[in-house]
Each structure stands twice: as structure tokens, then as C-alpha cells.
Amino acid sequence: MAEPSSPYRRWQIQIFAATWLGYVGYYFCRKAFYVVKKPLGDELGLDSVALAHIGSAYLIGYAVGQFSSAYFGRRLGPRLLLLAGMAISLLCNLGCGIGNGFWTVLVFMAINGMAQGTGWPGCIGSLGHWFRRTERGAVLGVWATCYQVGSVVATACAAFLLGHCGWRWSFFGATLVLLGIWAAVALLHPDTPESVGLAPIADGDPDPRPAGASAVAGRQRLGWSRDVVVAVLLMGGVYFCIKFLRYALWSWTPFFLGQNFGAAVDDAGYLSVIFDLCGFVGVLLAGYLSDKACGGRRALLSLLMLCGMAASFWLLHGVGGRSILAFAACSGLIGFMLYGPDSLLSGVGAIDVGTVRGALVAAGIINGMGSIGPIFEEQIVGWMYRRFEQRLEPIFYLLLAVAVTGVALMAVLYLRSRRGKANL
């Protein structure tokens, strides 16, 4: 097993920086629509159901992109997968900015979703080749802050441009940011240790490749047992619930704050980042504890945090509709509890369970299954908001039910881990 030393350390720093920055960049071309949903709908004459259709088109594309990354990533390699995905995403985001009707925006959002789906599997596949299991929890705990930082900064940028330049510039500004980050990733991103003349960091994962063989064209069988397949599918089921809930708050919080609490459109965007800011702390804590207190085992910690998340949704349905401050406080508590297991299951857990050789595939499957959740969420929440005459309480009940379902699935996964049937 290759031990990281000074030649590895330099490349580890580069791969960490390139993938962290790259995933932050993806968020700029992901979040703009959710921030400008209300003014875009007002200008183009779209109600909550039509906006939900556009959101669902993006999410269907995103799920397709996640699953297809499991196939194309093993043939292109993580570096090319990321660069291609970012390039397509920034072009589609530009198209959304110049769109002038429902179908134009919907088509560009759908293609953008497919391109965005390459981001997480590509990054996790990259990192899996460069870090050992005993350090992945802490390293990926810090790395996974990319999607809190990305969400916060991208949301704030879109809200600022919305308030000062109009909703179209929320899209244009995001495109320019991702273009600059694309160039940085092209310069910084190494592919695998083998591609720069180093031995692979195996960490006990039997790899059938001969010495010096490249992982870029890795077409070997994954060698997954039935227990690994079941574990990956269970993780995907839990992640379905997590992403249903995460996207419900991402997609509709600015809209609800404007419609139900009377917040200005830019202020609603700024307030919505409380969810991600608290999630930032949750991710760091979960990554650290999973390595230092749990010895690289992630299942129990994920279960405990998901129980806390479900309790937070119960609090949201009880007091969240009373005032804008109560809503914001509950969303922050949910973010803290949700993001820890989110990062553990979709990131380091995908590497641990899928093995280094199958990390990109496991991440694609888990995230692909998870990405189906927001497709249903977007349609159901949009319909419920209109059906119940803009009342939030029925929607809060729905979110609580999904949270409890996630806890139940995670409990099954934890029990399988205790019995040695899941390497989590």
C-alpha cells in the first residue's frame, strides 16, 4: 500500500483545491433559478406549478447525469468528466438568462441538470484515488464544505445581482464565475496517482490493474458482493429522503419568504442561506467525529444526526409558520442536522462502501437515487402550495413524514453495518 509522503502531498493539495473549487463553481449555475424563481415567474407569467415543472426538468436531468456519470466517468476519467460537465452547465446557464418563455427556460434547465450531475461523482471519484480510509472522514468533512460554501456564496451573489441588476443578471453573473473556475480546474486537477507517475493509494482495496495501468480507462469489473449492492441501494434510499428535504428548503424558502412573510426578493435570498451556513458546521463536525470518535465508521453518527433532523422538522411544523424568525431558526437547525449525514453518505461513505475502484460508480448510484427525491418534491410542493391556498402547514407535515422515512431506512443500514454486512 502506498503511503502518502511529500510527492503525494503536493498532488493531494492540488486535487483537494481543484475539486473543492470546482464544486463551488457548479453551485453558481445551479442556485440562480431558485433565487430568482419569484421575479422570473412574475415576468414570464408562471405560477407555482409552472415553476415546479421547470425545477423538475432540471432535477430529472440531474438524476440522469448522476447515473450516466457512473458509466462515462470510468471511461473518460474524473478530470475530463468534470471539465465537460462545467462547460455544458455554464452555456446552459447563459441560455436561461436570455430565455423569454416557459419552454426555453425549461429546456436549458434540463440540459443544465444533466451537466450538473457530473459534479459530485467526478469529485468523489477523484478524491477516492488520493486519500486513505483513515483520513477520508476528516479530509472529506472539510472538503464537503464546498457545497455549503458554494450554496451560500452562489445564493448571495444571485440575490445581490437580482436586487441591483435584475433576474437575468443572476444567471449571467453565475456563468462568468463558473467560466473562471473552469480554467482553474483545467490547470490544477491531476487525474490519478498513476497519471503523474505515482503508485496507487490502495488502502486494502484489491485492485486487479497491473502496476502502472491507468485508472482513466478503468473498465474492470467492480467485484461488488451482494451485501455491497444492498448497502449502496439503502444509502441511495436514505439519500432520496435527504435530497427531497434539502431541495425543498433550497427551492422554496426564498419563494415562501416572499409570498407568505412579505420579504423583499433579495432579502429572501439572503435569509435562505441560514440553512447552508448551519449545515457548514454540521459537515465539519460530522467528518471529524466519524474519524476521531467513530474510528472511520459512519453509520451510527448518521443515524443520530438524522434523528435530530426529524426532530427539527417536527419543530418547523409546530412553530415555523408563525414568524419569519421562527422559520429561519428552524431551517438553521435542520441544516445543521441534515448536512452531516448528507456528506457522510454521499461522499466518504460512497468510497468506503464502494471501494476506491468503485467510488465513482457508488457515488453516481447513491446520488442518482437521491436526485430522484427532488423531482417528486418539486411537483408535490408546487401542487400543495396551490391546492391548500398558500398555506405552509400541510407542506411541513409532508417534510416531517419524509424525514421519519429517512430515519427508518438509516436504522436498517445501521443494523446491517453492525452485523458486518455494510462497510459504513
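When the dipole is taken about the Cα centre of the chain, and only Lys, Arg (+1) and Asp, Glu (-1) are charged at their Cβ, what size is it in debye, to the nearest 20?
920
Hey, could you grab the Kirkwood Rh for segment 88-151? Inverse mean 1/r over distinct alpha carbon pairs, Å, one decimal.
The Cα-based Kirkwood calculation yields 13.8 Å.
What label, among (1) 21.3; (2) 17.9; (3) 27.0, belongs to mean projected area of the Cα convex hull in nm² computed from the structure on display?
Of the labelled values, this structure produces (2).
Take the eigenvalues of the Cα gyration tensor for segment 1-90, scale each by 5, and report the square roots as semi-axes in whole Å, largest first.
Ellipsoid half-lengths, sorted descending, are 36, 16, 9 Å.
Cα-based count: Lys pairs in the chain below 27 Å, eight or more positions apart or different chains?
Taking the Cα cut-off of 27 Å, the pair count is 6.
Calculated from DSSP H runs of 4 or more alone, at -39500 (n - 2.57) each and per residue, what is the 222 nm mean residue ellipticity of the chain, nearest 500?
-27000 deg cm²/dmol
Quick one: if you stick a label point 7 Å off each Cα along the C-beta vector at LEU188 and TYR71, how many nm between them?
According to this spin-label approximation, the distance is 3.2 nm.
Every read-out reported here was derived from the displayed coordinates using simple, explicitly stated rules and does not represent laboratory data. Since this is a predicted model, take the numbers as computed values, not measurements. Ideal geometry is used to build each Cβ from the backbone, glycine not excepted, and the neighbour counts take in all protein chains shown.
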